[in-house]
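A quick write-up on the structure given underneath.
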Amino acid sequence: MSRGKSIHALVILMFTQFISGGVTNTKGIVLDQVEQDLGLDMGQFGLVVFIFQLGFTLASVLIGYYTDKKGLRIMTIVGSIIMGLGFLGTGLAPNITFFLGFYMIVGFGLGSLGVASNAIVPAAYPDRQNKMFNLAMGVYGLGMVVFPQFLNYLFQFASWRYFYIGIAASLVAVIIYITSVHFPSGKAEKIDLKAFIPMLKDAQFVFLMFFLIFEVSAEVSFMNFFPSYLKSLDLGGLSTEAKEDMVATILSLFSVFFMAGRLAIAYLTNWINERIILITFSAGSLLMVGISFLFANDFPYLFSGAGLFFSTLFPTATAFGTQLSKNGGSALGLIYIASGIGGGIAGYIVGLASEMFGQAGGFSIVLIFLLLMLITTFFMNSKKSSQLKET
């Protein structure tokens, strides 16, 4: 592949990862503003999270198939159009009904670009995939760090609507860029539905799916409901504005720990197997969030430390799953499905619990998800996989 095509692919990859990281880490901050603007109650808040995750999951499974059929350029453009329309519609939504509909489109668009950007790396950098994936995750983490601070500044003089409309406008520029330059041809890894059968018969893969359901439930609940939870605390009589500053700072620090954790584990995996990492970091996340919850009023910044323990859980579990199957694409398909189930159900449950028992009661369900996740890790052992025994 020519150097020009590689550079163009890199620009698109880095942009999509930066936006994805930023949007993922700020859903809770934005929804907290939407709650005030459109009269969103906590039950509807949870429904918004469910809708987003549903769209994301559908895209993760469907777009991979069409990327394989139609090619990388077309599906990157399609993903950008879907995401742009979703953000534009969400930013202009006059009521909750329209907001929910367009927010699902945002989730679908974000999932579409995620699949397309993952296909860019092997197409543009076949001999440097590991390096480029790590670079992409670094830019993703940069978006997670920068966006909370940017939104905290923006909300001092502008509505959340400008944030979403601005992203939609930037995606128009992306579409123009993609159609104007030489772009690599590439395909997403195929999903073979028949390959689901042996994986679902493998107890180890089933344990993995339950682990992912609980892990994503905990992470999605934390990221989406933490801003509302923290603002519901007294925190020594802090003003709403001061609490918003604190939320942005904690989420940015969370992201710094998140990035540091992923970089550290990338090296530790050479000496420590996935099972030990999953058990250790699952226990650490439960202890960190539990201690932070107990001392939330006095030491709220403790919550940022959870980023270190959350950081490696999903990628390590993904590596565990793809090693169990002969078909990596199909394994990733089931991983995305389990993740979508976890994220969607969690948002709905925590939203209803927050409406019934208050913000603290709803947010405390994160601890239940983390406990169930930790218990599941003790049953996970790749050496007991029925699929590996057959090879």
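The values are calculated or read from the model by the stated rules, or taken from the named source; none is laboratory data. Keep in mind that what you see is a predicted model, and the values were worked out from it rather than measured. Note that we place each Cβ from the backbone using ideal geometry, even for glycine, and neighbour counts take in every protein chain shown. We work out accessible area using only protein heavy atoms, side chains counted, and drop any ligands, DNA or RNA first. Shrake-Rupley method; radii C 1.70, N 1.55, O 1.52, S 1.80 Å.
Within the span defined as the stretch 160-167, one or more residues are within 25 Å of VAL61 (Cβ to Cβ), modelled with pLDDT of 85 or more, surrounded by fewer than 21 Cβ atoms within 10 Å (Cβ to Cβ) and within 21 Å of the chain's Cα centre (by Cα). Screening MET380 against (1) part of a helix (DSSP H, G or I); (2) open to solvent by less than 20 Å² (accessible area, probe 1.4 Å) leaves a single unmet condition, (1).
Taken as a whole, the stretch 33-46 holds at least one residue that is open to solvent by less than 30 Å² (accessible area, probe 1.4 Å), in contact with a helix residue (DSSP H, G or I) (Cβ under 8 Å, 6 or more places away or on another chain) and either outside the structural domain of GLN17 (by the TED database) or modelled with pLDDT of 80 or more (or both). If you go through the stretch 267-315 and keep only what is aliphatic (A, V, I, L, M), closer than 20 Å to VAL247 by Cβ and in contact (Cβ under 8 Å) with a residue 24 or more places away in the chain, you end up with VAL289, ALA296, ALA306, LEU308. GLU244 meets each of the listed conditions (1) open to solvent by 70 Å² or more (accessible area, probe 1.4 Å); (2) in a helix (DSSP H, G or I); (3) not β-branched (Val, Ile, Thr) apart from (1). Taking the criterion of being of a type outside the set (A, V, I, L, M, F, W, C), in contact with a Gly (Cβ under 6 Å, 6 or more places away or on another chain) and in a helix (DSSP H, G or I), would at least one residue in the stretch 307-316 satisfy it? So far as the stretch 307-316 goes, no, none of its residues is of a type outside the set (A, V, I, L, M, F, W, C), in contact with a Gly (Cβ under 6 Å, 6 or more places away or on another chain) and in a helix (DSSP H, G or I). When GLY261 is evaluated against the numbered criteria (1) over 19 Å from the mean Cα position of the chain (by Cα); (2) crowded, with 19+ Cβ neighbours inside 10 Å; (3) of a type in the set (Gly, Ala, Ser), which criterion, by number, is the only one it fails? Here GLY261 clears every test but (1). Within the stretch 334-350, if we keep just the residues that are closer than 18 Å to LEU47 by Cβ and touching a Leu at 6+ places or on another chain (Cβ under 8 Å), the residue that is most open to solvent (accessible area, probe 1.4 Å) turns out to be TYR348.
Once the stretch 220-241 is narrowed to residues that are assigned to a helix (DSSP H, G or I) and of a type in the set (A, V, I, L, M, F, W, C), the residue that is farthest from ALA346 (Cα to Cα) is LEU230.
Against the test of being assigned by the TED database to the domain that holds ALA242, under 15 Å from SER221 (Cα atoms) and without any contact (Cβ under 8 Å) to a residue 12 or more places away in the chain, the options ILE341, ILE345, ILE349, ILE368 yield a single qualifying residue, ILE368.
Can you pull out every residue in the stretch 354-391 that is at pLDDT below 90 and of a type in the set (Phe, Trp, Tyr)? The answer is PHE357, and nothing else.
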